[in-house]
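To start, the structure itself, in structure tokens.
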Amino acid sequence: MAAETLRSATVSLTGMAADPVVARFDRSETVSIESTRYLGPVDDGRYVGLSDLRGDLDVARELLAASDRVERYDVAGTGEHGIVYAHYRSAGLIGDLLSILYRNDIVVDWPIDHRPADEPRTQLTVVGTAIGIRRAVAALPERVSLSVERVGQFDPAGDDALLTERQAALLDLAVREGYYEVPRGTTHRALAERLDLAPGTVSDRLQRVERRVMTAYAADGF
């Protein structure tokens, strides 16, 4: 039997805000879930997850405590950045999504990124065979819409593994416009006008780009 070529696909999903836990954070103006580092099943249909938070961590604790889906949790961090480790009685739509991926022999290239409330969207990269990815897309619930950001042969050492095309284009524009100069030559609002986006969306996307770039840079040693 011939070996199948692994494919990598980065996709954005809308409709995930129907998930009760995600919806609580989406409605909050003071705290948000930035990304899910891991979510997986444990015993009796329960899930364990690790997610990055940004904002008021005390409000995050209140939202988690008020959810009947959260069995127990711990929030750690200082300032406006934290991590939540939680046990969930069920994983909602994200759990349904993971089940579809597992059934089609597809794995998630963690983390899963969550977009802000003004553009609610969940972005993730998956790795599997072409037929497995097609079957998973066909099995998505009707309330979830998918758009493809990038697809190609899986190459863990490839240069394009760091940023998506959209992220790379935003970073290029920010650099060309002097966003990283001292003093800055432009603002989130000016970049947003160029891209026809909300300033908050540009701010959020730049923070995600910066986190990925700096994390990769630090991993190489400096």
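Across the range 108-120, what is the number of residues that are among the aliphatic types (A, V, I, L, M) and either closer than 19 Å to Arg46 by Cα or open to solvent by less than 40 Å² (accessible area, probe 1.4 Å) (or both)?
Restricting attention to the range 108-120, the residues satisfying the condition of being among the aliphatic types (A, V, I, L, M) are 108, 112, 117.
This time we only want the ones that are either closer than 19 Å to Arg46 by Cα or open to solvent by less than 40 Å² (accessible area, probe 1.4 Å) (or both), so: 108, 112.
Count: 2.
How many residues does the range 61-86 hold that are hydrophobic (A, V, I, L, M, F, W, C) and under 19 Å from Arg208 (Cβ atoms)? I'd like the intermediate steps shown before the answer.
Step one: filter the range 61-86 for residues hydrophobic (A, V, I, L, M, F, W, C), giving 63-66, 70, 75-76, 83-84, 86.
Now narrow it down to the ones that are under 19 Å from Arg208 (Cβ atoms): 83-84.
Selection size over the range 61-86: 2.
Being surrounded by fewer than 16 Cβ atoms within 10 Å (Cβ to Cβ) and touching a Lys or Arg at 6+ places or on another chain (Cβ under 6 Å) is the filter here, so list the residues in the range 121-142 that pass it.
Ala130
Restricting attention to the range 46-101, which residues are open to solvent by less than 50 Å² (accessible area, probe 1.4 Å), over 18 Å from Ser32 (Cα atoms) and assigned to a helix (DSSP H, G or I)?
Gly95, Leu97, Leu98, Ser99, Ile100, Leu101
The values are calculated or read from the model by the stated rules, or taken from the named source; none is laboratory data. No experiment lies behind these values; they were computed from the predicted model shown. Cβ: placed from backbone, ideal geometry, glycine included. Neighbour counts: every protein chain shown. Calculation scope for accessible area: heavy atoms of the full protein, side chains included, ligands and nucleic acids excluded. Shrake-Rupley method; radii C 1.70, N 1.55, O 1.52, S 1.80 Å.
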